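Below: one structure, written as structure tokens.
The values are calculated or read from the model by the stated rules, or taken from the named source; none is laboratory data. Computed from a predicted model, the values in this text were never measured in an experiment. Note that we place each Cβ from the backbone using ideal geometry, even for glycine, and neighbour counts take in every protein chain shown.
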Amino acid sequence: MHRRAIMRVRPAVERLEEKQLPSAAALPAHVVHHTQAGAAAGALRAADQVSDTGVGGEARENHSPRLAAADHARPPALPTGFFGFRLTNPTLYIKVKLTPPFGQVLVQSRQPVPGHVYNILSVVVRNGTSQTFTASNGFTVKFPNRSPDQSFPILTGSQVWKPNHWIVFYVLTKKYYPLKSQISGGFQFNLGGKSTTLIPGPSGIFLRLTYNPATFARTLDWIIAYGQGAQLGNGPPFGIPDTQINQIVAARNQKIDFGGRF
């Protein structure tokens with residue numbers, strides 16, 4: 001049987017005519033050169049030619065140079081809600097340096113009597129934000145199990161709480177530990193609508209101090225920085241746990257406590 005010769009000619013594939021959707025007629029025409037380097041370059045040139053007016057003449061959202069410039073010029077809104085947490089390890093998150101004098105806030109309505117002996121329960125709190133707080137922020141603090149259970153302003157008048165500055169919150173009591181629970185009980189803060197409880201723990205207890213109004217502020221500063229809770233001042237620099245050291249940050253930030261994140 002006669003065999004046909006094998007054809008060695010391969011017909012060229014003819015490209016179909018490129019089609020465009022009717023809605024794409026407003027886009028500028030472009031030519032893409034189908035080489036290895038030219039394909040991407042042609043696509044980029046086409047993207048550069050698209051104007052800020054989209055299909056049908058409608059403005060494309062958030063692509064106007066004028067709007068972009070306005071957004072860039074607008075300063076970011078400052079946080080208004082804050083959260084407090086304990087710095088159990090004073091060298092893990094920040095290097096704590098307790099240098100007196102500190103701000104001091106007595107969280108009770110009953111004033112101490114000169115010459116009487118009291119126990120002190122306290123926490124010291126660092127402003128861990130970049131903001132300076134004033135009385136207009138409306139921060140308050142209260143101590144539970146007191147009658148009446150009232151809140152006290154943290155700042156009054158022209159007082160300010162600058163970044164990295166510390167404030168001591170304390171009560172004077174005849175009891176050893178005037179809270180029902182050493183685990184969950186503590187000073188309750190309202191920092192811009194965010195509720196925070198800061199627990200003094202064992203480091204926040206100082207026993208049997210005779211109250212002298214003339215020297216008390218200086219004595220309290222010494223207790224916080226160099227008392228037994230701070231290991232005579234050696235605790236924070238060496239990372240020894242101090243249960244009374246705390247700081248506040250913006251509520252949207254990561255929270256850190258006991259060396260972990262939550």
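Data table
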quantity	calculated
Hey, Pro163 surrounded by 12 or more Cβ atoms within 10 Å (Cβ to Cβ) and either touching a helix residue (DSSP H, G or I) at 6+ places or on another chain (Cβ under 6 Å) or part of a loop (DSSP other than H, G, I, E, B) (or both) or not	yes
Selection status of Ser203, among the small types (Gly, Ala, Ser), modelled with pLDDT under 90 and assigned to a helix (DSSP H, G or I)	yes
Residue that is surrounded by the most Cβ atoms within 10 Å (Cβ to Cβ), among those in the range 209-228 that are in a loop (DSSP other than H, G, I, E, B) and in contact (Cβ under 8 Å) with a residue 12 or more places away in the chain	Gly227
Residue check, Gln150 out of contact with any helix residue (DSSP H, G or I) (no Cβ under 9 Å at 6 or more places or on another chain), part of a loop (DSSP other than H, G, I, E, B) and surrounded by 12 or more Cβ atoms within 10 Å (Cβ to Cβ)	yes
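Residue-wise test of (1) modelled with pLDDT of 90 or more; (2) buried (at least 16 other Cβ atoms within 10 Å of the Cβ).
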| residue | (1), (2) |
| --- | --- |
| Thr156 | yes, no |
| Tyr170 | yes, yes |
| Phe187 | yes, yes |
| Ile199 | yes, yes |
| Leu207 | yes, no |
| Gly239 | no, no |
